[in-house]
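My questions will all concern the structure given below.
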Amino acid sequence: MDALVEVSGLTKRYGGTLAVDGVDLTVLPGEVYGFLGPNGAGKTTTLRILTGLIAPTSGNVRVLGGRPGDAGVLGRTGSMIESPAFYPYLSGLDNLRLLAEYAGVSRQRIDEVLELVDLTDRAKDRFSTYSLGMKQRLGVAAALLKDPELVILDEPTNGLDPAGMRDMRRLIRELGTEGRTVLLSSHLLGEVQQICDRVGIINAGRMVAEHNVDELRGEQELVVRAIPREDAQRLLTRFGSVHQYDDTLRVQVDPAKAAEVNRALVEAGIDVSELHTAERALEDIFFELTTAKEKTDVG
Amino acid sequence: MLGSYRAEILKLRKRSAVWVLFGAGLVLSLIFGYLLPYLGYATGDDNPQTDGVPRAEILRGMLPERVVDNTIGGYPIFAGALALVLGAIVIGGEYTWGTLKTILTQRPRRGTILGAQFLALGTMIALWVLGIFAACALCSVGIAAAENGSTSWPGVGDLLQGLAGGWLVLMMWCLAGAVLAVAFRNVALPIGLGVVWILGIETLLAGVVSSLLPSLKWLANALPGTNAGSLVFSVTGMAAGDAPPGVRDAVGGGRALLTLIAYCAVFAVLAAWTTRRRDVT
């Protein structure tokens, strides 16, 4: 399957600051790809390069088989980079009308995208009177105006209230199931975990991991709370690697062996007060990866 | 290109600042071209000891035959400053609002979008010129009717030449505002620098050169304001003595025309080159 976005060795330097440092990234057709990283990690700079707004210092970038910023590529890409930017004196409808003029899109499509983001009722109001959430939704409407194959959204749930965030995530998930490819940046781990198929983690300008979300979360673990803990920990190493997390023990073992683990503990005279399976949260993995990288850098 | 042009026209048409600037230019033209001279005409006398300008001469300046003078007489300085502000707010606004990234991620290339913006500005400037001309023409007809003055008009060729010259002067200043906005990615700084240049520095430089450094006259004669004033002077029937500020016969009409075209080309190319090469952050 040919990748829609292929990035290798991408670097962007601003004076003495290396904003993006040798990033490799691949987005496959039809997937929702989460580009995850803390603020200032280099996500927006990378997305700006993908949309042709800034030129890379070095590296290879192919978007939809062409160069970023080419008319043919832009015509098949919808994007919202950083905060949504529109003309404050124009209505939401007029803002979309003029974007439709630039892109050669029909009037009917404007009505469709307004409906899609639930802005039809306020479409004739000035953009300057919109709430942050409405501005964000208009930004997504503008990104979908060209009925694009590839949608690039930079932190699309910023500023939305909980209900707005839920609706936006559902919309993005639907875009993925419709066969569109979505590249979504976020610093919200839960968001990426909920809606993305694959995730790339960037920290301090460098990619630290790129995997399927399930793959990244790795094997499931057994969570064990038992007393005495030291004896339990010693015994559990027979089943797999054990690490302590707060006052529980995490054992990397097939969850199907839970009964066997429980029996072994009880037979050894260890009191078991809790035993269940747990998936590693993306949040844990993110902090493991970014902390490990920082330690490596310091070392 | 046509879609981008339509989009730019939509932006200009719906932006109130564009019409406020046009209104200011129109009102200034009518005040200095008709209202103040008419008050002088109505209240003055022919005594050379009081104001020195015969009433008949004041009236002649307001009749249809001098409509081109009154339409474009203020373009080199006052309307020029307003045109510079127009260029600065239209192009600079894209940077301050961050809308440049929105339009550059649609389909057209950067050069196409900038070309469409300049074309739309040229259209708006043409509307300004025609609007001011229409208002001046109405005033001159009204005054001719009220004072039994002559209603003869300039020839069509003179009229077209005058309006085209006025358009070029305003377009040159508008592109100056646009290129400053691209350079500074801002609205306020280009307006400040541009207006100070038009209203102060050029006049000051011309004065210093003519009184202290006559050997640098070639430099003063190459400045945009000097050539704008010279072009207006050459396409109107003004006498050097009664020309409005900024309008003078420093260089010939042909040379002024070519210099202004060259300034327009340089400003447009500089803006396009910078826009195409620079990162949009």
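The values are calculated or read from the model by the stated rules, or taken from the named source; none is laboratory data. Values in this document were obtained by computation on a predicted structure and should not be read as measured data. With ideal geometry, Cβ positions are generated from the backbone for all residues, glycine too; neighbour counts draw on all protein chains shown. Surface accessibility is based on the protein's heavy atoms, side chains included, excluding ligands, DNA and RNA. Shrake-Rupley method; radii C 1.70, N 1.55, O 1.52, S 1.80 Å.
Yes or no, residue by residue, for (1) over 15 Å from the mean Cα position of the chain (by Cα); (2) within 14 Å of another protein chain (Cβ to nearest Cβ):
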| site | (1), (2) |
| --- | --- |
| B:T43 | yes, no |
| B:P64 | yes, no |
| B:N70 | no, no |
| B:I103 | yes, yes |
| B:L114 | yes, yes |
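Those residues that are more than 12 Å from chain B (Cβ to nearest Cβ) and surrounded by 18 or more Cβ atoms within 10 Å (Cβ to Cβ), I need them from region A:121-140; list them, please.
The answer is A:R122, A:A123, A:Y130, A:G133, A:M134, A:Q136, A:R137, A:V140.
Looking only at region B:219-232, decide whether some residue is within 15 Å of the chain's Cα centre (by Cα), within 29 Å of B:L59 (Cβ to Cβ) and open to solvent by 20 Å² or more (accessible area, probe 1.4 Å).
No - not one qualifying residue is present in region B:219-232.
Can I ask one more? If A:V192 meets every condition in (1) under 11 Å from the mean Cα position of the chain (by Cα); (2) open to solvent by 10 Å² or more (accessible area, probe 1.4 Å) apart from one, which number is that one?
(2)
Now for a different question. Looking at region B:136-148 only, could you name the residues that are small (G, A, S) and open to solvent by 20 Å² or more (accessible area, probe 1.4 Å)?
Those that are small (G, A, S) and open to solvent by 20 Å² or more (accessible area, probe 1.4 Å): B:G142, B:A145, B:A146.
Given the conditions (1) buried (at least 21 other Cβ atoms within 10 Å of the Cβ); (2) on the phi > 0 side of the Ramachandran plot, report the number of the one that A:I81 does not fulfil.
(2)
Right, here's the next one. Identify, by number, the condition in (1) closer than 16 Å to B:R15 by Cβ; (2) open to solvent by less than 10 Å² (accessible area, probe 1.4 Å) that B:V187 doesn't meet.
Against the list (1) closer than 16 Å to B:R15 by Cβ; (2) open to solvent by less than 10 Å² (accessible area, probe 1.4 Å), B:V187 comes up short only on (2).
Which residues, taken from region A:71-82, are in contact with a helix residue (DSSP H, G or I) (Cβ under 9 Å, 6 or more places away or on another chain), more than 7 Å from chain B (Cβ to nearest Cβ) and more than 20 Å from A:T120 (Cβ to Cβ)?
Once the filter is applied, which keeps residues that are in contact with a helix residue (DSSP H, G or I) (Cβ under 9 Å, 6 or more places away or on another chain), more than 7 Å from chain B (Cβ to nearest Cβ) and more than 20 Å from A:T120 (Cβ to Cβ), region A:71-82 yields A:T77, A:E82.
With (1) within 17 Å of A:T45 (Cα to Cα); (2) under 24 Å from the mean Cα position of the chain (by Cα); (3) of a type outside the set (V, I, T); (4) more than 9 Å from chain B (Cβ to nearest Cβ) as the list, and A:D118 as the residue in question, which single condition is left unmet?
(1)
Okay, moving on. For region A:74-81, does any single residue satisfy the condition of being of a type outside the set (G, A, S) and over 25 Å from B:G92 (Cβ atoms)?
yes
Looking only at residues that are touching a Lys or Arg at 6+ places or on another chain (Cβ under 8 Å) and in a loop (DSSP other than H, G, I, E, B) in region A:33-50, which one is nearest to the other protein chains (Cβ to nearest Cβ)?
Among those that are touching a Lys or Arg at 6+ places or on another chain (Cβ under 8 Å) and in a loop (DSSP other than H, G, I, E, B), it is A:G42.
Checking A:D111 against (1) in a helix (DSSP H, G or I); (2) open to solvent by 70 Å² or more (accessible area, probe 1.4 Å); (3) within 14 Å of chain B (Cβ to nearest Cβ), which single condition isn't satisfied?
(3)
Let me ask something additional. Could you tell me how many of the residues in region B:96-114 are closer than 15 Å to B:K11 by Cα and part of a helix (DSSP H, G or I)?
6
Output yes when any residue across region B:16-32 is farther than 22 Å from B:L163 by Cα and within 11 Å of another protein chain (Cβ to nearest Cβ), and no when none is.
yes
Hand me the list of helices (runs of 4 or more DSSP H) wholly inside region A:157-268 holding 2 or more residues that are in the same structural domain as A:Q136 (by TED's automatic domain parsing) and over 30 Å from A:T11 (Cα atoms).
A:162-177
Here's something else I'd like to know. So the check is Cβ under 6 Å with 6+ separation or different chains; which pairs have a first residue in region B:123-151 that's in a loop (DSSP other than H, G, I, E, B) and a second one that's not aromatic (F, W, Y)?
Partner pairs satisfying both residue conditions: B:G149/B:L59; B:G149/B:L63; B:S150/B:L63; B:T151/B:P64; B:T151/B:A144.
Here's the yes/no breakdown for (1) within 24 Å of B:I125 (Cα to Cα); (2) modelled with pLDDT of 95 or more; (3) crowded, with 19+ Cβ neighbours inside 10 Å:
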| site | (1), (2), (3) |
| --- | --- |
| B:V196 | yes, no, no |
| B:I201 | no, no, no |
| B:L204 | no, no, no |
| B:G207 | no, no, no |
| B:K217 | no, no, no |
| B:L270 | yes, yes, no |
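Scanning region A:84-101 for residues that are assigned to a helix (DSSP H, G or I) and open to solvent by less than 30 Å² (accessible area, probe 1.4 Å), which turns out farthest from the other protein chains (Cβ to nearest Cβ)?
Within region A:84-101, the match that is farthest from the other protein chains (Cβ to nearest Cβ) is A:G92.
Sticking with this one: Against the definition (in contact (Cβ under 8 Å) with a residue 12 or more places away in the chain, assigned to a helix (DSSP H, G or I), within 18 Å of B:C174 (Cα to Cα) and open to solvent by 30 Å² or more (accessible area, probe 1.4 Å)), how does B:A79 come out, yes or no?
Here the answer is no, as B:A79 does not meet what is asked.
Please identify the pairs in which a residue from region B:255-281 that is within 14 Å of chain A (Cβ to nearest Cβ) has its Cβ atom under 7 Å from the Cβ atom of a residue that is surrounded by fewer than 14 Cβ atoms within 10 Å (Cβ to Cβ), counting only partners at least 6 apart or on another chain.
Pairs found: B:R276/B:G111.
OK, next. I need a count of the residues in region A:43-62 that are open to solvent by less than 30 Å² (accessible area, probe 1.4 Å) and either without any contact (Cβ under 8 Å) to a residue 24 or more places away in the chain or under 14 Å from B:R107 (Cβ atoms) (or both).
Number of matching residues: 2.
Output yes when any residue across region A:175-184 is touching a Ser or Thr at 6+ places or on another chain (Cβ under 7 Å) and not basic (K, R), and no when none is.
Taking every residue of region A:175-184 in turn, none turns out to be touching a Ser or Thr at 6+ places or on another chain (Cβ under 7 Å) and not basic (K, R).
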